[in-house]
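The values are calculated or read from the model by the stated rules, or taken from the named source; none is laboratory data. Owing to the predicted nature of the structure, the values given are computational and were not obtained by experimental measurement. A quick note on method: Cβ atoms are made from the backbone with ideal geometry, for glycine too, and the neighbour counts reach across all protein chains shown.
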């Protein structure tokens with residue numbers, strides 16, 4: 001364990017020397033339309049958005065279905081990325097290229113790392129990282145910066161929305177009254193706050209990895225898409241915001257718990273995201 005801490009500290013020092021990408025307030029490389037692109041990873045994460053559209057039209061982009069319409073008078077495109085980093089990077093890039101949105105909103109679910117979170121509690125991601133990039137040693141992961149497309153320049157493994165968008169999310173939180181949910185034998189009001197989301201292509205992880213995420217990354221929610229989307233959009237110079245609701249407790253084999261609790265979390269993330277759209 002002592003060696004693990006030393007390796008983690010060295011990795012953090014190395015990351016600090018890498019270039020920290022600044023998320024922009026407006027797109028850097030194109031003149032934006034008024035459109036907001038809304039992304040969910042799986043089908044259960046998007047129905048509330050489609051239902052909120054008064055004029056939803058289902059269309060197709062390079063074989064990927066999407067819905068286009070207006071929510072609260074704002075033009076919106078809603079699509080499913082698919083699960084994992086490759087699908088997320090591909091779908092995000094394709095829809096940004098096609099629609100030139102003024103920002104991208106991701107809404108969805110994730111496993112609860114923070115033990116104070118309950119099913120349905122919502123995290124607005126102030127920090128995101130990818131926890132499967134580096135070297136897997138006998139003592140666990142040794143993290144390193146990413147090598148980006150700009151002549152291999154190193155990029156820090158820490159992605160954050162622009163302060164302006166996070167401030168708008170803060171305003172939305174102040175006026176949001178989370179609904180009551182019933183899960184795991186209890187009924188309670190949903191809470192929303194800023195937090196940390198860690199991503200990888202791992203659906204289940206060991207207790208050792210969970211404790212590592214909890215202690216060294218201060219992770220609230222673990223999932224498979226948010227940090228890859230943030231990584232993609234920061235390189236492309238596109239504003240974004242991420243909303244995740246906790247589903248099951250993080251574990252090695254989450255299948256049954258995810259199937260039971262995922263729909264609850266998906267709705268709560270979407271409900272807050274619809275409220276947030278009023279401020280974007």
Hey, residue 110 hits all of (1) touching a helix residue (DSSP H, G or I) at 6+ places or on another chain (Cβ under 7 Å); (2) within 21 Å of residue 248 (Cβ to Cβ); (3) surrounded by 19 or more Cβ atoms within 10 Å (Cβ to Cβ) but one; which does it fall short on?
(1)
Selection from the range 134-159 of residues that are surrounded by fewer than 20 Cβ atoms within 10 Å (Cβ to Cβ) and in a loop (DSSP other than H, G, I, E, B):
138, 139, 144, 148, 149, 150, 151, 152, 153, 156
Go through (1) modelled with pLDDT of 95 or more; (2) surrounded by fewer than 16 Cβ atoms within 10 Å (Cβ to Cβ); (3) assigned to a helix (DSSP H, G or I) for residue 259 and report which single condition fails.
(1)
Going by what's in this entry, would residue 86 be described as under 20 Å from the mean Cα position of the chain (by Cα) and surrounded by fewer than 16 Cβ atoms within 10 Å (Cβ to Cβ)?
yes
If you take the residues in the range 46-70 that are closer than 21 Å to residue 279 by Cβ and buried (at least 21 other Cβ atoms within 10 Å of the Cβ), which one is modelled with the highest pLDDT?
49
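Residue-by-condition table, conditions (1) assigned to a loop (DSSP other than H, G, I, E, B); (2) buried (at least 19 other Cβ atoms within 10 Å of the Cβ); (3) modelled with pLDDT of 90 or more:
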residue	(1), (2), (3)
195	no, yes, yes
209	no, yes, no
214	no, no, yes
263	no, no, yes
271	no, yes, yes
Taking the stated definitions as given, is residue 80 at negative phi and buried (at least 21 other Cβ atoms within 10 Å of the Cβ)?
no
Report the residue count in the range 98-153 for those that are more than 29 Å from residue 182 (Cβ to Cβ) and without any contact (Cβ under 8 Å) to a residue 12 or more places away in the chain.
7
Checking the condition at pLDDT 95 or above, surrounded by fewer than 18 Cβ atoms within 10 Å (Cβ to Cβ) and in a loop (DSSP other than H, G, I, E, B), which residue from 93, 33 passes?
33
Can you tell me which of 125, 167, 186, 172 is under 29 Å from residue 75 (Cα atoms) and exposed (fewer than 14 other Cβ atoms within 10 Å of the Cβ)?
167
Would it be correct to say that residue 246 is within 18 Å of the chain's Cα centre (by Cα), crowded, with 17+ Cβ neighbours inside 10 Å and under 30 Å from residue 140 (Cα atoms)?
yes
What is the one condition in (1) surrounded by fewer than 24 Cβ atoms within 10 Å (Cβ to Cβ); (2) modelled with pLDDT of 95 or more that residue 230 does not satisfy?
(1)
Test each condition in (1) over 19 Å from residue 239 (Cα atoms); (2) assigned to a strand (DSSP E or B) for residue 127 and report the one that comes out false.
(1)
Hey, among the residues in the range 75-90 that are touching a strand residue (DSSP E or B) at 6+ places or on another chain (Cβ under 6 Å) and in a strand (DSSP E or B), which one's farthest from residue 26 (Cα to Cα)?
80
Residue check for residue 219: over 20 Å from the mean Cα position of the chain (by Cα) and closer than 19 Å to residue 115 by Cα
no
Hits in the range 171-193 (condition: assigned to a helix (DSSP H, G or I) and over 17 Å from residue 269 (Cβ atoms))
171, 174
Please verify whether residue 279 is closer than 24 Å to residue 186 by Cα and either assigned to a helix (DSSP H, G or I) or modelled with pLDDT of 95 or more (or both), treating the condition exactly as stated.
no
